[in-house]
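A short write-up of the structure that comes next.
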């Protein structure tokens, strides 16, 4: 979609994308940028993003760096143009799955540390909670790994 053709309905979708990503720990502006990149048919400059979303260029710059780091956006250059442009990363969903794997493995490490604390080992209830968490974590990890394999096979 061309930037000058963004409808109120599309802008509402971008805002819903922003709220979703804000609930996942990103800033609302980062979520808006993801939404805008998703609906854009062309690479966008920071200035185009800032103007369209009515936010500061500094905010766009800060959030674009985060999105590049997390693999949600990619930088594109145009020959003869010194401006950087950005697109939605083609493998953004794969990055999302990998980040979920990292988060769940981090939680697993915390739970396993908790299971080593002598005073907590004395409580059957606490140990039961830890074991149930580990069981759920393992199921989630296996599901994410299967999803990643399936996604990669569909993309080929």
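The values are calculated or read from the model by the stated rules, or taken from the named source; none is laboratory data. Worth saying up front: this structure is predicted, and the values here are computed from it rather than measured. With ideal geometry, Cβ positions are generated from the backbone for all residues, glycine too; neighbour counts draw on all protein chains shown.
Could you tell me whether residue 26 is assigned to a loop (DSSP other than H, G, I, E, B), under 29 Å from residue 150 (Cβ atoms) and not assigned by TED's automatic domain parsing to the domain that holds residue 144?
So residue 26 passes the test.
Hey, can you tell me all the residues within the range 43-70 that are part of a loop (DSSP other than H, G, I, E, B) and over 21 Å from residue 12 (Cβ atoms)?
Of everything in the range 43-70, those that are part of a loop (DSSP other than H, G, I, E, B) and over 21 Å from residue 12 (Cβ atoms) turn out to be 43, 56.
Does residue 138 qualify as being surrounded by 12 or more Cβ atoms within 10 Å (Cβ to Cβ), over 16 Å from the mean Cα position of the chain (by Cα) and either assigned by TED's automatic domain parsing to the domain that holds residue 10 or on the phi < 0 side of the Ramachandran plot (or both)?
Yes, satisfied.
Quick one: in the range 10-46, which of the residues that are farther than 22 Å from residue 95 by Cβ and without any contact (Cβ under 8 Å) to a residue 12 or more places away in the chain is surrounded by the fewest Cβ atoms within 10 Å (Cβ to Cβ)?
12
Among the numbered conditions (1) surrounded by fewer than 15 Cβ atoms within 10 Å (Cβ to Cβ); (2) closer than 23 Å to residue 100 by Cβ; (3) touching a helix residue (DSSP H, G or I) at 6+ places or on another chain (Cβ under 9 Å), tell me where residue 51 comes up short.
(2)
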